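Notes follow once the structure below has been shown.
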Amino acid sequence: MAESWSFLDTSEPNFRPLVVIELAKGTKEETIAWFTKRIVDKKGSGGAQLLVKPLVTEKGDENIYLVGASHLRLLLGAEAVGLVKECNDNSMRTFTYSSRKTFKDFADDNHNFLTMAECQYIIKHELENLRAKDEKMIPGYPQAKLYPGKSIVRRLLTSGILVQIFPLHDREELKKLRHSWYGRVKVGYQPLDEIRSYFGETIALYFGFLEYFTFALIPMAVIGIPYYVFAWEDYDKYVMFATFNLLWSTVILEVWKRICAIMSYRWGTLLMKRQFEEPRPGFRGVLGINPVTGREEPVYSSIRRQIRIYLVSLPFVCLCLYFSLYVMMIYFDLEQWALDYHEENESNFSSLMLYVPSIIYAVVIEIMNRIYRYAAEFLTSWENHRLESSYQNHLILKVLVFNFLNCFASLFYIAFVLFDMKLLRQSLATLLITSQILNQFAESLLPYWLQKRHNKRMKKRMCSLKTDTDMSLLEQVNLEKEMGTYFGTFDDYLELFLQFGYVSLFSCVYPLAAVFAVLNNITEIYSDALKMCRVYKRPFAEPTANIGVWQLAFETMSVISVVTNCMLIGMSPQVNALFPDSKTDLVLTVALVEHLLLAIKFIMAFVIPDKPRDIQIKLAKLEFESLEALKQQ
């Protein structure tokens, strides 16, 4: 890539463009001059002490700037953000510039000590921490108010002056990653360390979880195939499969915690200290004093927020849940119509018509989920949460509750109200397969096709352009700034969460559910890799030590699966035969077994350590050394 940037070497020999800043067309010169000055000013003067260069564009009226940093500045930034690196003694420690020589592979002339993703994360951190000093407004824009301590970048974004900030791809590294990741069809593990080095820990952990979950589904799939072949219509034999399902759903989540701890320790995020959260960009309020930091910032009454949540958001969510149940009843009316039509005609066409209501319902479910997602985002933003973590938790809760009811209510109704195992099997198969096909098309195939068309048009424009600017860099920036923005792993985890529900809740009735889940996840790995490398802009790396609130979501689903499978076992004819005279004894026995299984589940979660023993020892050793160092001081 050095050749692509050679035109920049005349003024700054060490300048390496890492991040692109795009300002709105027509942004006033005084605003640009003030903002770029704050970027390059020294830290002691309130600047970021970064390097910034304008990019000459084809029309000359686009305000695009390339941001980089010197090697020394990045090392100091690594210390400021608390990056954890491997030392020469193979331990993991927080990087400090004063002890830089003790870290593995460090050398003053080794510019690859920090990965490109880490460098871009440092630059993002420094830009976001550019704060107003005594300015009352953005120069040139009196309506864009500032106050001491306000993040300048966030104000520019909310005012529409700053269009976007995104990290540049490294073409050579991306080419190598694509080849090792999805360039050839192979049976093997993903290059998670390379994914982490390029995209950061959050995305690497998602692909690690996707890979692990796919392997964890294989035992269910292997058992499900002969079960399907030899006991297809004999629903009395699903007791053993349901029992295995109970153990499987508990064990895989506990084992994942250990695997996650191993990866996050190796990557250094297990030791990273949680940074103090700033107010999210969309937070609004009256200017006041933060009692923790002592800074001026917007404040908003928590009582008003609670009123919005419980008097507006909660009734709206309940209304949506009611509408979802209403649509479900329409689906059952269609099922009855299809069944009556088949009984009257008894033809191949009428047999196919039996699947039509389920397919239509599956499509409607996907449409309703996507529409509700937009409504949930609007409501959660309107609730005006101060912190991004609080915003995400409330959004996830809203989306999970609706998606759970929307996707699984019909299956619960069929299983425990209609007691129709044949219809349950048919509905589960149709919902699972249809949702997988729609998700693959909407999330990967369609965006890839649209992006490919855009790239062709852009390359034709670039070929007809005559400019002295380095063409490869100009082409790269123009292509990447028009790419879609990757909004995080929310939708990807949600898809896996719903898939886990289909497999753990009712797969004993349809044993091939795990088989289709494995096949879908194998294609999901390749399609998600493709969209990360070819469809979306490169996202900023986000250090994280686990999958966050999604771990709790999956564990909650596994608890529900215990209850569901116990009820299915209690409904089986062979269990009913054990209690021919008293249904009360049957209910009490099933309830007792369910409580025992839940107790076993929670005991297993307590007994199986979340971190392997060797990592526990290493963490304890670091804590001991830190305490000893404090005593000496």
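The values are calculated or read from the model by the stated rules, or taken from the named source; none is laboratory data. Quick caveat: nothing in here was measured; it's all calculated off a predicted structure. Methodologically, a virtual Cβ is constructed for each residue, glycine included, from the backbone with ideal geometry; neighbour enumeration extends over all protein chains shown. For the accessible areas, the whole protein counts, side chains as well, though only heavy atoms, and no ligand, DNA or RNA atoms are used. Shrake-Rupley method; radii C 1.70, N 1.55, O 1.52, S 1.80 Å.
One table, with the values for the structure above:
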item	result
Charge-dipole axis of the chain as Lys and Arg at +1 and Asp and Glu at -1 on Cβ define it, positive-most pick from Val559, Tyr300, Tyr198	Tyr300
Kirkwood estimate for the range 19-168, i.e. one over the average of 1/r between Cα atoms, Å	16.7
Charge dipole of the chain about the Cα centre (unit charges at C-beta), most positive-ward option of Asn348, Ala261, Pro219	Ala261
Accessible area of Lys176 in the full protein assembly, 1.4 Å probe (Å², nearest 10)	130
Check: the range 506-616 dipole with +1 on Lys, Arg Cβ and -1 on Asp, Glu Cβ, in debye	500
Electrostatic dipole magnitude of the range 19-168 [Cβ: Lys, Arg +1; Asp, Glu -1; Cα centre; debye, to 20]	540
Using alpha-carbon coordinates, inclination of helix 201-230 to the longest axis of the chain, degrees	20
Shape metrics for the chain, restricted to C-alpha atoms - Rg then Dmax, Å	28.0, 92
Estimated [θ] at 222 nm from DSSP helical runs (n ≥ 4, -39500 (n - 2.57)) normalised by residues in the chain, nearest 500	-20000 deg cm²/dmol
Links that overshoot a 20 Å alpha carbon limit, given the list Lys28/Lys136; Lys53/Lys481; Lys133/Lys273; Lys85/Lys273; Lys273/Lys611	Lys133/Lys273
Crossing angle, helix 71-81 versus the chain [Cα axis fit, 0-90 degrees, rounded to tens]	50
The chain - charge dipole about Cα centre, Lys and Arg +1 at Cβ, Asp and Glu -1, debye rounded to 20	2120
Burial order of peptide ranges 194-203, 17-26 (average beta-carbon count within 10 Å, highest first)	194-203, 17-26
Mean Cβ neighbour count within 10 Å, used as a protection proxy, ranking 503-514, 526-537 highest first	503-514, 526-537
Spin-label model distance (nm) - Leu352 vs Phe490, 7 Å beyond Cα toward Cβ	4.0
Neighbourhood net charge (10 Å Cβ-Cβ; Lys/Arg +1, Asp/Glu -1) for Thr94	+2
Alpha-carbon Rg with Dmax, taken over the range 98-234, Å	24.1, 77
Val559 versus Lys43: modelled label distance in nm, points set 7 Å from Cα along the beta carbon direction	4.5
Considering only the chain, percent of DSSP beta bridges that pair antiparallel, nearest 5	95
The range 294-337-the range 166-199 distance, computed between alpha-carbon centres (Å)	40
Per residue solvent-accessible surface (Å²) - the chain, probe of 1.4 Å	49
Ratio Rg/Rh [Cα only; Rh per Kirkwood] for the range 142-220	1.23
Accessible area, probe 1.4 Å, largest first, for residues Trp34, Trp550, Trp449	Trp449, Trp34, Trp550
Percent of C-alpha pairs per 5 Å bin, the range 489-633, short to long	2, 7, 10, 12, 13, 13, 11, 10, 8, 6, 4, 3, 1, 1, 0, 0
Selected from His71, Leu168, Leu83, residue furthest toward positive end of dipole (the range 19-168; charges at beta carbon)	Leu83
Cut-off 13 Å between beta-carbons: net charge of the residues surrounding Ala415, Lys and Arg +1, Asp and Glu -1	+1
Crossing angle, helix 583-607 versus the chain [Cα axis fit, 0-90 degrees, rounded to tens]	30
